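*Asks:* Handing you this structure, nothing more for now.
Read-outs: derived from the displayed coordinates by stated rules, not from any lab. These figures come from a predicted structure and were not determined experimentally. We place every Cβ from the backbone using ideal geometry, glycine too, and count neighbours over all the protein chains shown.
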Ligand SMILES: [Zn+2]
């Protein structure tokens, strides 16, 4: 939900952007003709060190596609020492002489299909692996990376996404999170399933995504190994770890799905408000299913993080993680609505390029407005009017484009608030009947995949039968506060504060 890496890292990624083009293999010509090479077949080339994302060109890697991560770790809360082995099951998408993973911790060894592979660190977060034997397109790859490090002290420009706490740690961030705990193809374009198991001193809890395929196992040395499984493919940044002292509450949702909620024992007087919010997850998921389409994952839940943990919330797959700040003024279901709406918008339907971030944050924010309407705490129109009026025309807010905010403003308020305003304008333009057909059609069309803003506009136009180009251009891609038609402008000029407003503001606080 909140990207907190400094601008400096964006500058660094720019310096490696040229390598994407330079590393692109050019052997397409060798494959032309009637199945017979017209020139000598090109030698296998390197996989590109990025996937060409317009904001973060070196995030992710080319040349292969991951099916599954098996992440097997050992963690020492007392020292923040993390060690382990990640086994990556992948398939080559081109002939490869070498390929990259995204990772920061110290690597001890890499094996590819059982062969020891040479490796080197490159750029900010690239682990470059030389194929021990040539890899051909379509070949299955089993990549085993053994590593160790202290993630809280492993910093990029002074920054770490790994939050060490008094009793453990949190691996929760967006879009940079995996670099500090498992090697990956770190871009939402390459979704995979994952198993994670972590050995910790007995008495420490480990919470992660999905379901527990077995109870925690006792190990020698007074240790316990926890295991979690995500059997539905997800983006790498949506995997998380919460390690520390937690009370775990399990239940079954009305839908029959497992619910796993967890509450840090450090929350003290905030704990009842956290419970009063997160324990409504199953109800909120049920409500969302009626509007957005079938819930896309295999489990539900939330984690109330510790008092000294993160200052934001993140929609980690099947189980969002919330910082303690959301509970300081009482319960807040709006943040639970926001993060769970992301299970459809962001997690199941993920960005194709990080410039598509409106597809995540605009929709999750608008879900809060719909919840306000449902709860009788202000209609979406009333929240729109108040939001519109809260940003004067000369406010810098109107200078950030939700449809293309730039790499430093991916999580700017404009992406959230103007993003939600855009969806409300769409609803007004096409009418409720079409609008509430567009939302589930979108989540069905790109379920467990990726989408672009252009594709969403095309779908909305197809379902509504309307040309929406002016609306999208005005609200997503034009600087300045859009004018409202006369009657709407008059209403927005002196709006009443909706009852939900304070909670919606808090849900965006960090
Ligand atoms: Zn969000």
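*Asks:* Quick one: give the max-minus-min coordinate of the C-alpha atoms of the chain along each principal axis, largest first, in Å.
*Replies:* Here the Cα extents, ordered largest to smallest, are 69, 63, 42 Å.
*Asks:* Rounded to the nearest 0.05, what FRET efficiency do residue 492 and residue 89 give with R0 = 45 Å and r taken as the Cβ-Cβ distance? Could you check?
*Replies:* Working: r = 53 Å, r/R0 = 1.18.
Efficiency, from the Cβ-Cβ distance: 0.25.
*Asks:* Ranking 238, 370, 468 by Cβ neighbours within 10 Å, fewest first, what do you get?
*Replies:* 468, 370, 238
*Asks:* Go through 319-325, 329-335 and give me the packing order, highest mean Cβ count within 10 Å leading.
*Replies:* 319-325, 329-335
*Asks:* What is the Cα coordinate range of segment 204-265 on the first, second and third principal axes, sorted by size from largest, in whole angstrom?
*Replies:* For segment 204-265, the Cα spread along each principal axis is 39, 26, 21 Å.
*Asks:* Residue 390 to residue 130: extension gain in nm, 0.36 nm per residue of separation minus the Cα-Cα distance? Before the final figure, lay out the partial values.
*Replies:* Details: separation 260, 0.36 × 260 = 93.60 nm, distance 5.47 nm.
Here the answer is 88.1 nm.
*Asks:* Taking the radius of gyration and the Kirkwood hydrodynamic radius from Cα positions alone, what is the Rg/Rh ratio for segment 142-292, to two decimal places? All intermediate terms of the calculation are to be shown ahead of the outcome.
*Replies:* On the way: Rg = 16.6 Å, Rh = 17.2 Å.
Rounded to two decimals, Rg over Rh is 0.97.
*Asks:* Now a separate question. To check you understand DSSP bridge types, tell me what percent of the beta bridges within the chain (both residues inside) are antiparallel, rounded to 5.
*Replies:* 80 percent
*Asks:* So if each residue of separation counts as 0.36 nm, and I subtract the Cα-Cα distance between residue 399 and residue 466, what length gain in nm does that give?
*Replies:* Extra length from residue 399 to residue 466 when fully extended: 21.4 nm.
*Asks:* Right, another one. Tell me, Kirkwood radius of segment 370-510 from alpha-carbon pair distances, in Å?
*Replies:* 16.0 Å
*Asks:* What is the ratio of the Cα radius of gyration of segment 468-510 to 2.2 N^0.38 Å, with N the residue count, to two decimals? Walk me through the intermediate numbers first.
*Replies:* Working: Rg = 14.1 Å, N = 43, 2.2 N^0.38 = 9.2 Å.
Against the compact-globule rule of thumb, the ratio is 1.53.
*Asks:* Evaluate the relative contact order of the chain (contact order divided by residue number), counting alpha-carbon pairs under 8 angstrom at least 6 apart; express in whole percent. Intermediate results must be reported in sequence, preceding the final value.
*Replies:* On the way: 1152 pairs, mean separation 59.5, N = 510.
Computed over the chain, the figure is 12 percent.
*Asks:* Residue 433 label point, 7 Å along Cα→Cβ, cut-off 13 Å on backbone N: hits in segment 456-497?
*Replies:* Backbone N within reach: 464-465.
*Asks:* Under a crude label model (7 Å from the Cα following the beta-carbon direction), how far is residue 458 from residue 109 in nanometres?
*Replies:* 4.8 nm
*Asks:* List 466, 503 from most exposed to least, where exposure is judged by having the fewest other Cβ atoms within 10 Å.
*Replies:* Least to most surrounded, the residues fall as 466, 503.
*Asks:* Now for a different question. Using the number of other C-beta atoms within 10 angstrom as an exposure proxy, rank 270, 73 with the fewest first.
*Replies:* Starting with the residue having the fewest Cβ neighbours, the order is 270, 73.
*Asks:* Length gain on complete extension for the stretch residue 447 to residue 211, per 0.36 nm per residue less the alpha carbon to alpha carbon distance?
*Replies:* 82.9 nm is the gain from fully extending residue 447 to residue 211.
*Asks:* Another question, if that's okay. For labels at residue 120 and residue 223 in the simple 7 Å Cα→Cβ model, what's the distance in nm?
*Replies:* Calculated label separation equals 3.4 nm.
*Asks:* Then there's this: Can you check how the C-alpha radius of gyration of segment 103-148 compares to 2.2 N^0.38 Å, as a plain ratio?
*Replies:* The value comes to 1.16.
*Asks:* Report the Rg/Rh value for segment 68-113, based on alpha-carbon coordinates and the Kirkwood definition of Rh.
*Replies:* Taking Rh as the inverse mean 1/r over Cα pairs, Rg/Rh reads 1.04.
*Asks:* Just the Cα atoms of segment 269-327, one point each, no solvent: what log10 I(q)/I(0) does Debye give at q = 0.27, 0.28, 0.29 Å⁻¹?
*Replies:* Relative scattering, expressed as log10 I(q)/I(0), comes to -1.13, -1.17, -1.21.
*Asks:* Hey, another quick one. Per DSSP H run of n ≥ 4, the term is -39500 (n - 2.57); total these for the chain, divide by its residue number, and report the mean residue ellipticity at 222 nm rounded to 500 deg cm²/dmol. If you can, show how the numbers build up before the last one.
*Replies:* Numbers: 11 runs with 141 residues, N = 510.
Result for the chain: -8500 deg cm²/dmol, rounded to the nearest 500.
*Asks:* Taking the inverse of the average 1/r across all pairs of different Cα atoms in segment 356-435, what Kirkwood radius in Å do you get?
*Replies:* 12.9 Å
*Asks:* Please report, in whole Å, how far the alpha carbons of segment 243-358 spread along each principal axis, starting with the longest.
*Replies:* 39, 35, 26
*Asks:* Modelling each spin label as a point 7 Å along the Cα-to-Cβ direction, I'd like the residue 146/residue 477 distance in nm, to one decimal.
*Replies:* In this crude label model, residue 146 to residue 477 measures out at 5.2 nm.
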